[in-house]
Every structure is written in C-alpha cells, then in structure tokens.
Amino acid sequence: MSHIVVVEDEPAIAELIAINLRHAGHEVTLAATAEQARYEIDAVLPDLVVLDWMLPGQSGLALARQWRAAARTRELPIIMLTARGEEADKVAGLDAGADDYLSKPFSTKELMARIRAVLRRKAPEALEDVVEVAGLRIDPSTRRVCRRTDKGEIDLKLGPTEFRLLHFFMTHTERVHSRAQLLDRVWGDHVFIEERTVDVHVKRLREALAPANCSCMVETVRGAGYRLTQHANAVQA
Ligand code: CA
C-alpha cells in the first residue's frame, strides 16, 4: 500500500532494507545518489523516504534540507540513516528536517517499527488501519466501506481510485487539498495527469456515497480544492 524510496549508495544495505520493506508489503524504489533520489521524487511523491546521510556527491543532509524548503516535499516523511552515532549529528539530522534518525548498524526490525511510527504520524493513508469518520468506516485491508446507522450498516461500492481518494480524505479530515496535492498524494503523480481528472473522481465518489446519505461530507472549497468534513449539515444518520 505504501511507496517508500530508499536512498543508499551501499548496495548490500540498500538491498537488505528493500527486501524487508517489500516483505512488509511496501513498494520500494532504490536510489544510489542524491541526483537519482531527486529524479524519483520529482516524478512520483512517495509516502516516505529512507535517506542515507553519506552519499557520493551531495549529502543526504543537504537533500533533506532542499526537500523541506520546497512546498511540494515539505511534508515528505524522512528517516535518516547514518554511520555517525554522535549526538551532534543526530541533532543536525533532525534540524535538517528528518522525522527520525537511525545510526548504523541498526536492526531492520527497529527500522520497520520507526517507519510505521512515522507513517502513522505523517502519512496515515499509507497504513492499513481501519478509519471511521462520522459513522463512515473504511477498511483498507478488506477494501470495505460502510456507514453505520440506527438501522444497521449500509455497504458502499467504490471503484479503486474513489477508494484511495476517500481513504486519503478520511485520514486527513477538515483540511483543504488542492487538485495538485491530491494528484501527488492519491495518484502519486502531479505531472502527467490533468487536474480535471480529480473533479471526475470526486463526482464519482459523491455518487458512491449517496446511498448512505454522506455525499455532502466531500465539500468543494471554491478556488482551493476539496475537503472531507464530518460537520456537513446534511449528514443524516
Ligand atoms: Ca552511504
């Protein structure tokens, strides 16, 4: 479900991390240099980056700073790896914008646990947890969406894109998302898909939610984008 970019120039370590991540169900892209990493992230925004500090050419630290300074990658979850275990390095890594920091050698078990913790905090849409908002319930592991009412549960049928869109909205309620942000975070691509595509799928999502009377939870914010709210007037139980 989640897409992770691993930036690491030592092939043995990169492979070890990739194998463990794939085993845990993540999709992995490897990059051996800062330049490659930039290229990958310009194309598709991942859910998280595991970033080695010491890279040939530009350092991971400088790369993290660049990502933090750009609007599109400001929120990108980053876990920094380093062979240097000094307190001052850890502080520098976190100051550069890393969400967490691991010294080599580290156990892959610990790395997996930290990845999960950072995703839970910053990219909950990349996890499989059941989410419920105003009686509307989505379960990524069973792909089921339903609404609980006094009379029982109403099952809703959603297409795969509408499912991902609803899951993203439900893990980021009340916030307004621009069409470009939705393309990045739901489609994973901001360049090759027209923004109008978002409108088409929002319309389909509202239609899919109609049998449970919760289409109005998906609000259009004029000139800004869309948001999911649990305070919609017409949400009827
Ligand atoms: Ca290295």
Give me the percent of DSSP beta bridges within the chain that run antiparallel, rounded to the nearest 5.
50
Quick check: the distance between the Cα centres of segment 139-166 and segment 70-136, to the nearest angstrom?
29
Rounded FRET efficiency, nearest 0.05, which uses the C-beta distance separating GLN36 from LYS157 and R0 of 41 Å:
0.50
Modelling each spin label as a point 7 Å along the Cα-to-Cβ direction, I'd like the ASP139/ARG204 distance in nm, to one decimal.
2.4
Cβ-Cβ FRET estimate between SER178 and GLN66, R0 fixed at 25 Å, reported to 0.05
0.70
What spacing in nm lies between the two simple spin-label points modelled at VAL44 and VAL130, each 7 Å away from Cα in the Cβ direction?
3.0
Highest mean first, how do 49-62, 142-155, 92-105 rank when packing is the count of other Cβ atoms within 10 Å averaged over residues?
49-62, 92-105, 142-155
per DSSP, antiparallel bridges as share of beta bridges in segment 53-190, % nearest 5, sits at 75
Could you give the dipole magnitude of segment 74-113 about its Cα centre, charging the beta-carbon of Lys and Arg +1 and that of Asp and Glu -1, in debye to the nearest 20?
180
Net dipole in debye of segment 1-138 [+1 Lys, Arg Cβ; -1 Asp, Glu Cβ; about Cα centre; nearest 20]
300
Subtracting the Cα-Cα distance from 0.36 nm times the residue separation, let me have the gained length for HIS231 to THR108 in nm, one decimal.
40.1 nm
For the chain, take the longest principal axis of its alpha carbons; what is the angle in degrees between that and the long axis of helix 160-171, to the nearest 10 within 0 to 90?
80
Is it possible to state the helix-based mean residue ellipticity at 222 nm for the chain, with each DSSP H run of 4+ residues giving -39500 (n - 2.57), the sum divided by total residues, to the nearest 500 deg cm²/dmol? What is it?
-11000 deg cm²/dmol
Test item: Cα-centred dipole of the chain, Lys/Arg +1 and Asp/Glu -1 on Cβ, debye:
860
CYS216 to GLU195: FRET efficiency via 1/(1 + (r/R0)^6), r the Cβ-Cβ distance, R0 35 Å, to the nearest 0.05?
0.95
Taking every C-alpha to C-alpha distance in the chain and binning by 10 Å from 0, the per-bin percentages run 7, 30, 30, 20, 10, 2, 0
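Throughout, read-outs are computed from the coordinates displayed, never taken from laboratory work. Everything numeric here is computed off the predicted structure, so don't read it as measured data. Note that each Cβ is placed from the backbone with ideal geometry, even for glycine, and that neighbours are counted across all protein chains shown.
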